[in-house]
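Comments concern the structure below.
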Amino acid sequence: MVLSSSAVIAESEFDFEELMNDVETKIQEVQNNIAAKDANTAVTQAKQLQDEFKLVEGFFAKRGNADDATHNAKEYQDKAANIQNALAAGDFDTAAVAANDFSKQCRGACHDKYKPL
């Protein structure tokens, strides 16, 4: 119960535009850390991206009439998990491809339709 309460509180308190700016910065940092072979930092940042897209999913689910955005948010959680899994396996090449895909798809999937809110 405490965990779900925390998620609801966090979801209601975040600034969507600020979060999206953080996502843009963080995926660039993930890509840079993968290139620098800093798996620990990249994994931590990819986990943060995953958590941030859980908030995005909740934001659009609550907003309603945005099933595509909710679906996309789930896909980005999976993309962030793919980055983490590749890094855990020591596969920097696959992690780099996954991070690049995350970055490219993120801009096209929601930004044209939902930004600015």
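Go through (1) within 20 Å of residue 28 (Cα to Cα); (2) in contact with an Asp or Glu (Cβ under 7 Å, 6 or more places away or on another chain); (3) not acidic (Asp, Glu) and name the single condition residue 70 misses. The single condition residue 70 does not satisfy is (1). For segment 65-81: of the residues being of a type in the set (A, V, I, L, M, F, W, C) and under 13 Å from the mean Cα position of the chain (by Cα), which is nearest to residue 103 (Cα to Cα)? The extreme case among them is 80.
Throughout, read-outs are computed from the coordinates displayed, never taken from laboratory work. Source: prediction; values computed, not measured. Neighbour counts run over all protein chains shown; Cβ positions are idealised from the backbone, glycine included.
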